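Remarks on the structure that follows.
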Amino acid sequence: MKLKIPVDLVTINCNMVEEGVKALEYSTKYIEFNNVFLLSDQTISGNFDLISIKKLEMLKIITMKF
């Protein structure tokens, strides 16, 4: 029996899409989410809803020090 949690699972991935799909598959192995989304510029199928976006060239990660 899977643990059901009332949240959505989302990954945004344009560069390493297969790894993003694997992360979604692993995350949903024992947990049931309300929705599972992959946002990507590539067309790929799986047990998730695909949302098409423009290719993301680079994301800046900002770290905050407290």
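What follows draws every value from the coordinates through simple rules; no lab data is involved. Here the structure is a predicted model, which means the values were calculated and not measured. Neighbour counts run over all protein chains shown; Cβ positions are idealised from the backbone, glycine included.
Using C-alpha positions alone, give me the convex hull volume of segment 3-52 per residue in cubic angstrom. Don't skip to the end; give the middle numbers.
Numbers: hull volume 2.8 nm³, N = 50.
It comes to 56 Å³ per residue, whole-number rounded.
For LEU50, which sequence-distant residues (separation of 5 or more, or a different chain) have an amide H within less than 5 Å of its own amide H, given hydrogens modelled in the peptide plane?
LEU38
Between LYS65 and ILE12, what is the FRET efficiency for a Förster distance of 35 Å, r being their Cβ-Cβ separation, to the nearest 0.05? Each step should come with its number before you reach the end.
Details: r = 25 Å, r/R0 = 0.71.
Calculated value: 0.90.
When the helix-only estimate is applied to the chain (DSSP H runs of n ≥ 4, each -39,500 (n - 2.57), divided by the residue count), what is the mean residue ellipticity at 222 nm, nearest 500 deg cm²/dmol?
Mean residue ellipticity at 222 nm (helix-derived): -5000 deg cm²/dmol.
In degrees, nearest 10, range 0 to 90: what is the angle between the Cα axis of helix 17-27 and the longest Cα principal axis of the chain?
30 degrees
When only Cα pairs under 8 Å and 6 or more residues apart are kept, what is the percent relative contact order across the chain?
That works out to 32 percent.
How about segment 7-60: which GluC sites (Glu not before Pro) there lie in a loop by DSSP and see at most 16 other Cβ atoms within 10 Å? Working shown, then result.
Numbers: sites: GLU18, GLU19, GLU25, GLU32, GLU57; in loops: GLU57.
Sparse-neighbourhood loop GluC sites (Glu not before Pro): GLU57.
Tell me the net charge near PHE33. Cut-off is 15 Å between Cβ atoms, PHE33 excluded, with +1 for each Lys or Arg and -1 for each Asp or Glu.
Overall, the nearby charge balance is -1.
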